[in-house]
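So the structure is just underneath, and the comments pick up after that.
No value in this document is a laboratory result; all are computed from the given coordinates. Predicted model only: the values in this text are computed from it and were never measured. So basically every Cβ, Gly included, is an ideal-geometry build from the backbone, and we count neighbours across all protein chains shown.
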Amino acid sequence: MIQVGHLSKDFRLTRRQRREHGPQYKNAKTIRAVDDVSFECKAGRVFGLIGPNGAGKTTTLRIISTMLKPSHGSVTVAGYDTLKQPQEVRRHIGFMTAQTALYDRLTPTEMVQYIADLYGMEMNHFEERREKIFSMLDMQNFSDRRIARLSSGMKQKTSIARTIIHDPDVVVFDEPTTGLDVMTARRIIELIRACREEGKTVIFSTHQMSEVKLLCDDLAIIHEGRLYFNGSRDQFEGQMKEATYEDEFVRLVEEA
Amino acid sequence: MGWLIILIKELTDMIRDRRTIFMMVVMPLVVIPLLATTAIKLTQSQIEKAKDKELRVAVIGETAAPELFKRLSKEENFFLVTMTNADSARAMTAEQTLDGVVIIPQDFSEFVEGDKQATIRLIFKSSESLNAARRRIEAIIDQYDREIVNERIGRLQLDETLFDAIAIEREDVASTEEKFAENAGGFLPYIFIIFGFMGSIYPALDLGAGEKERGTLETILSSPASRFDIVMGKFLVVVLFSIATAFLAMLGVLIMVYQFLPTIETNITQTVMDMLGPRRIFIIMSMVLPVSAFFAAVALAISIFARSFKEAQSMMAPLNIIIILPAMIGMLPGFKLSAVTAAIPILNLSLATKAILGGSADPILIAEVYLSLFFLAGVSIYGCVKWFNREETLFRS
């Protein structure tokens with residue numbers, strides 16, 4: 001479960017950024033990346049955070065994962081406040097982006113072990129999870145090879161394994177399929193579905209409407225830091241005035 | 001124990017990195033002795049060559065001084081020619097057709113025989129062949145000059161002391177150790193300061209900017225490891241690499257010294273062996289430790305601030321100069337450890353090493369050096385941890 005309440009995030013602007021952002025930021029000290037955003041992600045459901053590039057998706061997800069601190073508002077993850085109990089929050093989440101985020105000079109086994117150690121997993125539990133995940137993803141035959149020498153598909157599997165090794169209650173995916181080939185992207189989609197079936201809370205960000213249809217139970221549309229829609233997919237479809245998801249998305253953003 | 005997990009992982013990772021290992025082991029242990037050996041061998045062979053080189057020397061007015069001409073022509077590896085025109089001889093020396101010209105005045109004999117001073121003009125090009133022509137011609141003339149003077153003294157029945165009113169008896173109280181430390185002692189700290197810094201750069205680049213580039217920064221930041229654990233784990237690995245590189249560089253210098261000493265006098269050999277004994281090396285290394293910590297903290301701070309590996313590398317470059325400068329000043333003879341210099345980081349390490357090697361280290365000043373270095377290390381580690389906690393540093397856009 002993730003609860004985001006009236007979340008705002010301001011970033012300090014450097015002198016160069018002030019120039020680059022145009023005349024209205026000439027004297028501004030900060031820029032608001034997320035503006036009064038509230039939503040809730042429930043366990044066993046997939047929540048999609050939809051928006052174009054620069055909408056504030058990554059910032060929101062980084063705040064949920066405690067990498068950034070909110071300027072206003074609050075976020076609780078699995079019942080823990082991200083500001084007051086960041087360590088507990090981190091213990092309960094897994095974080096994944098489109099980048100495989102692996103260490104080239106380690107092997108998949110070592111990579112997964114490192115993450116498990118950071119999460120303080122017990123040896124027995126770890127070995128059990130590793131066996132399960134490695135056989136599920138068919139990773140045994142390359143688990144002791146250096147990651148640098150693996151194919152991109154093998155790397156993606158390793159990346160999945162390290163995301164879920166500690167069996168997190170909440171999984172955060174930041175544009176997980178961006179730039180991936182069809183086969184690899186499908187594996188991520190399968191992973192998201194599997195997480196839902198296991199009753200985990202899943203939040204993922206994307207700008208591809210096709211994925212929304214494929215995966216989301218609930219969704220929020222975010223643009224320039226503000227929410228334009230927040231509800232279930234059925235509600236979204238019910239209020240649609242355009243024929244396709246994509247057109248509806250554009251309409252919502254443009255009308256606001 | 002998050003920091004320990006991170007330390008072990010980063011250590012495994014870095015040890016598998018060939019580039020880092022090359023910088024840490026191969027550079028100091030192979031490249032330093034090799035470079036130094038080559039430089040020394042080359043200088044020696046240049047000197048030998050200059051000694052044996054056949055020099056073309058022109059003499060103008062040789063009939064005025066037949067004895068001198070005879071002496072010049074007896075000199076080995078002198079190819080002697082006689083000329084008459086001074087201007088063309090000068091031009092030929094300038095364009096190196098000739099190595100030197102000796103111009104003897106017509107009235108040379110008159111002056112010499114009249115117990116007066118004759119003047120010989122010598123044309124040479126000092127920028128060529130290590131000035132060999134001038135040195136060798138002057139040696140011959142000096143010898144001839146001494147013989148003439150001795151003959152005059154004998155003939156006039158004068159006392160030799162008449163021409164040498166004051167004699168100097170030199171008594172040097174500096175031990176061989178002190179002399180060696182003063183003249184060559186700055187070289188050792190120069191080497192391990194530079195290498196200590198170089199040893200910290202690659203791991204720092206990889207552990208900071210590299211983490212951003214791979215996207216793994218988010219993975220570890222979203223793990224339960226605290227920011228402090230993350231910085232400490234990484235910091236300690238960089239320190240380890242820095243100090244190991246500095247130590248190996250020192251070993252490289254020792255190898256070089258032991259390789260060359262047998263060709264030098266034996267009493268110096270013994271002195272140097274005593275100077276670089278394990279106790280002194282240990283004291284010096286204990287001062288290298290806080291400097292390595294400083295290097296590690298600064299390099300890591302820069303690396304984590306940079307958006308990419310490349311940016312970090314270019315930010316690191318100017319730092320080189322800031323570090324080399326005090327190390328170079330420390331190498332200059334004349335600079336000594338004092339209450340002021342003992343407080344200046346890096347320079348103080350260099351000067352303290354010199355003092356320790358010379359066996360003349362003042363314990364109070366050494367304590368000041370420790371204080372200054374550990375203070376610097378403490379501040380830089382604190383700064384690095386603070387730096388790592390800033391969102392603007394980690395997620396710079």
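To the nearest whole number, what is the average tally of beta carbon atoms from other chains within 10 Å of the beta carbons of peptide A:92-102?
Details: counts 1, 3, 3, 6, 4, 3, 1, 6, 4, 8, 4.
Average per residue, whole number: 4.
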task = Considering the options B:Tyr382, B:Pro345, B:Ala367, tell which one lies farthest towards the positive end of the dipole of chain B, charges being +1 on Lys and Arg and -1 on Asp and Glu at the Cβ, about the Cα centre.
result = B:Tyr382
request  = Please name whichever of B:Ile281, A:Ser65, A:Val75 sits farthest to the positive end of the charge dipole of the protein assembly as shown, dipole taken about the Cα centre and charges placed at Cβ: Lys and Arg +1, Asp and Glu -1.
outcome  = A:Val75
C-alpha center-to-center spacing [region A:184-248, region A:84-99] in angstrom = 21 Å
request  = Pop out the ³J(HN,Hα) list for region A:193-202 in order, Karplus 6.51 cos²θ - 1.76 cosθ + 1.60 with θ = phi - 60°, rounded to Hz; leave Gly and Pro as x.
outcome  = 5, 4, 4, 5, 4, 7, x, 7, 8, 10
query = Taking chain A as a Gaussian network, where each spring joins two C-alpha atoms under 10 Å apart, which residue of A:Arg196, A:Arg19, A:Arg105 fluctuates the most?
reply = A:Arg19
ask   = Across the residues of B:211-221, average count of Cβ atoms on other protein chains within 10 Å?
value = 6
request  = Summarise the partner chain shielding of A:109-116 as one whole number: the mean count of Cβ atoms from other chains within 10 Å of each residue's Cβ.
outcome  = 3
key: Nitroxide proxy distance, nm - points 7 Å out along Cα→Cβ at A:Leu13 and B:Thr82   = 9.2 nm
ask   = Among B:Lys179, B:Lys74, what is the fewest-to-most ranking by other Cβ atoms within 10 Å?
value = B:Lys74, B:Lys179
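Taking the number of other C-beta atoms within 10 Å as the exposure measure, put B:Arg279, A:Arg90 in order starting with the fewest. Mind showing how you got there, number by number?
Values: B:Arg279 8, A:Arg90 25.
Final ranking by Cβ density, sparse to dense: B:Arg279, A:Arg90.
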remark   = Residues B:Tyr370, A:Tyr245, A:Tyr103 in order from fewest to most other beta-carbon atoms within 10 Å are B:Tyr370, A:Tyr245, A:Tyr103
query = Label-point separation (nm) for B:Lys53 and B:Glu110, each offset 7 Å from Cα along Cα-to-Cβ?
reply = 3.8 nm
query = List the lysines whose alpha-carbon lies under 21 Å from that of A:Lys57, not counting same-chain residues fewer than 8 positions away?
reply = A:Lys9, A:Lys42, A:Lys69, A:Lys200, A:Lys213, B:Lys212
key: chain B: most fluctuating residue of B:Val26, B:Val102, B:Val239 per GNM, C-alpha cutoff 10 Å   = B:Val102
key: Listed residue pairs exceeding 30 Å between alpha carbons, taken from A:Lys132/B:Lys386; B:Lys74/B:Lys125; A:Lys84/A:Lys157   = A:Lys132/B:Lys386; A:Lys84/A:Lys157
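To the nearest 20 Debye, how big is the dipole of region B:54-163 about its Cα centre, given +1 on the beta carbon of each Lys and Arg and -1 on that of each Asp and Glu? Kindly include the intermediate steps, with their values, before the conclusion.
Values: 14 positive and 20 negative charges, 49 e Å.
The calculation lands at about 240 debye.
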query = With charges set only on the Cβ (+1 for Lys and Arg, -1 for Asp and Glu), what does the dipole of chain B come to about its Cα centre, in debye to the nearest 20?
reply = 1840 debye
inquiry  = Quick check: net charge around B:Glu10, other residues with Cβ under 14 Å of its Cβ, Lys/Arg +1 and Asp/Glu -1?
reply    = -3
Region A:1-51 and region B:172-199: distance between their alpha carbon centers, rounded to Å = 57 Å
Given charges at beta-carbon only (K, R positive; D, E negative), |dipole| of region A:182-227 in Debye = 120 debye
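Rounded to the nearest 0.05, what FRET efficiency do A:Ala194 and A:His6 have when you use their Cβ-Cβ distance and R0 = 35 Å? Write down the numbers at each step before the final one.
Details: r = 33 Å, r/R0 = 0.93.
Given R0 = 35 Å and the Cβ-Cβ separation, E is 0.60.
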ask   = In nanometres, what is the gap between the two model label sites at A:Lys84 and B:Ile153, each 7 Å from Cα along Cα-to-Cβ?
value = 10.2 nm
